[in-house]
């Protein structure tokens, strides 16, 4: 029994000595590494940062990407530890990289009131810009006719969206351009004669996907004010076998 206790004591002392020896070895290795001064990586891209750290035997670790209103995508916006810090070689410098400005897709404000448009834009971190008005045969009074930028257009966060609001039906003497898209050009000619409007040109486009003489484009667009001095232009479809 005494012999067993002696062996147990021997192994215990040996284990303690081993732990102490390993700790001393680790501390010796740590303290033997060279101190390095962390360079300034702010504003650098990943490749440039690696080129700066590699000769110092330091490593780069990207922690995250974050949107930034001023720093272009791909450039470092923060680092830990900061530049000027002293660390041992073999350590990592953590960085956050800019994802550029946050982009929002413009919501569709057509047929909304100004108040509703403001609420929709705020929910999308956007704001209302210029506010125009005009008559409309399509959109009822106090509703939005059109917007700039158009719906689903990418725009930077906190950007402005300009709107044009309907004044309702035009008074007598004000003529609005009808929508002739998809209609026969003869209808446009009749309308022009009745309203003393000049058709400047009728352009013919070979396109068999439309019926012959169908309007496929018009200038100005529908619902805009036209007068006797304004010239109108149309593009109509003709069969591909037709001659000019």
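At a glance:
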| quantity | calculated |
| --- | --- |
| Residue check for residue 103: under 32 Å from the mean Cα position of the chain (by Cα) and modelled with pLDDT of 95 or more | no |
| Enumerated strands (runs of 3 or more DSSP E) restricted to segment 38-107, each holding at least 2 residues that are over 30 Å from residue 122 (Cβ atoms) and touching a strand residue (DSSP E or B) at 6+ places or on another chain (Cβ under 7 Å) | 59-66, 76-80, 86-88, 92-98 |
| Any chance residue 171 is within 27 Å of residue 234 (Cα to Cα), loosely packed, with under 14 Cβ neighbours inside 10 Å, in contact (Cβ under 8 Å) with a residue 40 or more places away in the chain and out of contact with any strand residue (DSSP E or B) (no Cβ under 6 Å at 6 or more places or on another chain) | no |
| From the options 128, 75, residue that is in contact (Cβ under 8 Å) with a residue 12 or more places away in the chain and more than 30 Å from residue 222 (Cα to Cα) | 75 |
| Residue tally, condition loosely packed, with under 14 Cβ neighbours inside 10 Å and not in a helix (DSSP H, G or I), over segment 114-131 | 4 |
| Hits in segment 204-243 - residues which are within 30 Å of residue 164 (Cα to Cα) and exposed (fewer than 11 other Cβ atoms within 10 Å of the Cβ) | 228, 229 |
| Strands (runs of 3 or more DSSP E) contained entirely in segment 139-244, each with at least 2 residues that are in the same structural domain as residue 121 (by TED's automatic domain parsing) and under 35 Å from the mean Cα position of the chain (by Cα) | 144-148, 154-156, 160-166 |
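The values are calculated or read from the model by the stated rules, or taken from the named source; none is laboratory data. Quick caveat: nothing in here was measured; it's all calculated off a predicted structure. Note: ideal-geometry Cβ built from the backbone for every residue, glycine included; neighbour counts use all protein chains shown.
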